[in-house]
1. Determine the principal axes of the Cα atoms in the chain, then give the extent along each, sorted from largest to smallest and rounded to whole angstroms.
2. Would you mind getting the accessible area per residue of the chain, heavy atoms of the protein chains only, 1.4 Å probe, in Å²?
3. Only helical DSSP H runs with n ≥ 4 go in: add -39500 (n - 2.57) per run for the chain, normalise by residue count and round the 222 nm mean residue ellipticity to 500 deg cm²/dmol.
4. Between Pro31, Pro17, Pro70, which gets the highest mean-square fluctuation from a Gaussian network model of the chain, Cα cutoff 10 Å?
5. Counting other Cβ atoms within 10 Å of each Cβ, which trypsin sites (Lys or Arg not before Pro) in the stretch 16-118 have at most 14 and sit in a DSSP loop?
6. Could you give the size of the charge dipole of the chain about its Cα centre, using +1 on the Cβ of each K and R and -1 on the Cβ of each D and E, expressed in debye and rounded to the nearest 20?
7. Give me the distance between the Cα centres of the stretch 96-118 and the stretch 15-73, rounded to whole Å.
8. So which residue, out of Val104, Val82, Val73, gets the largest mean-square fluctuation from a GNM of the chain using Cα contacts under 10 Å as springs?
Amino acid sequence: MSKERGTSHCPGGHIDPANLERIRSSLDALPHVAEVFNALGDNTRIRILYALRESELCVCELASLLDLTPQAVSYHLRLLRVLRLVKYRKEGKTVFYSLDDEHVVLMLQQALDHLTHN
């Protein structure tokens, strides 16, 4: 880290360049995390994920449950699929969606636990 970027501004003089470089490397390794959080910041997508936490559902079931059009649900599912938060399987002409893996379940549960923690 150069003096211009902060080391000369620390009155305590306790900057550890090796520690900062280690942290910087970790930050650089997280390019898609903001995309996931952005997707989770949408109320409709969160509702879809929570519904899929309960059961595998088709687009029409999700649309009915959430009072949305199938086109709106499909739009959100497409984004969730790209981010690997949901997966799908086909049965004839019907496509069923579910959460991609246990990590998504844990992420949702952690958010709930955090909100209800006193």
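The values are calculated or read from the model by the stated rules, or taken from the named source; none is laboratory data. This structure is a prediction, so every number in the text was calculated from the model and none was measured. Cβ: placed from backbone, ideal geometry, glycine included. Neighbour counts: every protein chain shown. With ligands, DNA and RNA removed, areas are computed over all heavy atoms of the protein, side chains included. Shrake-Rupley method; radii C 1.70, N 1.55, O 1.52, S 1.80 Å.
1. 64, 34, 23
2. Details: 8480 Å² over 118 residues.
Per-residue accessible area for the chain comes out at 72 Å².
3. Details: 6 runs with 68 residues, N = 118.
The per-residue figure over the chain is -17500 deg cm²/dmol.
4. Among Pro31, Pro17, Pro70, the largest mean-square fluctuation in the Gaussian network model of the chain belongs to Pro17.
5. Numbers: sites: Arg22, Arg24, Arg45, Arg47, Arg53, Arg78, Arg81, Arg84, Lys87, Arg89, Lys90, Lys93; in loops: Arg84, Lys93.
Here the trypsin sites (Lys or Arg not before Pro) that fit, given the DSSP loop and packing criteria, are Arg84, Lys93.
6. Details: 14 positive and 15 negative charges, 67 e Å.
Around 320 debye, computed over the chain.
7. Answer, in whole Å: 10.
8. Result for the chain, Cα springs under 10 Å: Val82 fluctuates most.
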